[in-house]
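*Asks:* This is the structure I want to talk about, given as structure tokens.
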Amino acid sequence: MAGRGSAPARRAGGKPGAEAKPARSGGAGAWLWWAGLACGGLMALSPGIVLLVGVLEAPILLVVLSTYMAPGKKSQNEAGRTVHAAMLFGAAAAIRPLHRLLLAGASLSTASEMAQEPVTLFGCWLAIGAGWLGGEVLAISIRFASELSAASQRRVLTQRLEVLEAEWGPLPQQEGEAKRK
């Protein structure tokens with residue numbers, strides 16, 4: 001029986017003698033695997049922390065679904081900014097409850113009691129909503145400012161064109177421009 005290295009490498013097309021592409025290491029799949037491993041380890045070590053963080057940060061799932069599944073599909077970059085803002089605000093609001101949980105021993109029963117406190121839930125969920133709203137308002141403001149800038153540049157260029165046409169006469173039109181005007 002031949003060893004692993006003795007057979008010629010083949011490409012996906014099956015041609016002998018062609019070099020096989022090396023497997024890609026890292027990437028999103030590796031990051032997801034490591035994140036899952038870290039979450040599983042944290043759940044085994046301290047289920048109280050996982051319970052409290054899961055309850056306090058649950059609206060993040062709504063933010064992700066509403067942002068990425070919206071009918072007016074945004075760019076991934078713009079949607080990512082909104083989700084990151086909501087996550088940052090939610091994480092900031094969850095620090096105090098997590099600190100209280102750690103001081104109380106991080107038990108599952110304490111985490112369950114803290115997860116049922118309306119003030120804690122409302123504060124964290126409101127912070128996530130504020131982060132989402134801030135991200136959306138910022139995206140709309142940037143788009144609006146960009147449109148205003150483009151409109152003012154268009155006015156300046158049109159005025160310059162009128163000055164040049166008055167000085168040198170009308171510009172010769174190309175085939176496509178005659179149809180547009």
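The values are calculated or read from the model by the stated rules, or taken from the named source; none is laboratory data. It should be emphasised that the depicted structure is a prediction, and the values quoted were computed from it without experimental measurement. We place every Cβ from the backbone using ideal geometry, glycine too, and count neighbours over all the protein chains shown.
*Asks:* Modelled with pLDDT of 90 or more, closer than 27 Å to residue 59 by Cβ, touching a helix residue (DSSP H, G or I) at 6+ places or on another chain (Cβ under 6 Å) and surrounded by 11 or more Cβ atoms within 10 Å (Cβ to Cβ): is that true of residue 120 in this structure?
*Replies:* So residue 120 passes the test.
*Asks:* Right, another one. If you check every pair at least six apart or on different chains, which have Cβ atoms under 6 Å apart with a residue in segment 111-139 that is in a helix (DSSP H, G or I) first and a residue that is surrounded by 14 or more Cβ atoms within 10 Å (Cβ to Cβ) and among the basic types (Lys, Arg) second?
*Replies:* From segment 111-139, the pairs are 135/81.
*Asks:* Go through (1) modelled with pLDDT of 80 or more; (2) surrounded by fewer than 17 Cβ atoms within 10 Å (Cβ to Cβ); (3) part of a helix (DSSP H, G or I); (4) of a type outside the set (Phe, Trp, Tyr) one by one and return the number of the condition residue 66 breaks.
*Replies:* Checking residue 66 against (1) modelled with pLDDT of 80 or more; (2) surrounded by fewer than 17 Cβ atoms within 10 Å (Cβ to Cβ); (3) part of a helix (DSSP H, G or I); (4) of a type outside the set (Phe, Trp, Tyr), the one that fails is (1).
*Asks:* On to the next question. Checking residue 88 against (1) surrounded by fewer than 18 Cβ atoms within 10 Å (Cβ to Cβ); (2) more than 23 Å from residue 141 (Cβ to Cβ): exactly one of these is not met. Which one?
*Replies:* Status for residue 88: all satisfied but (2).
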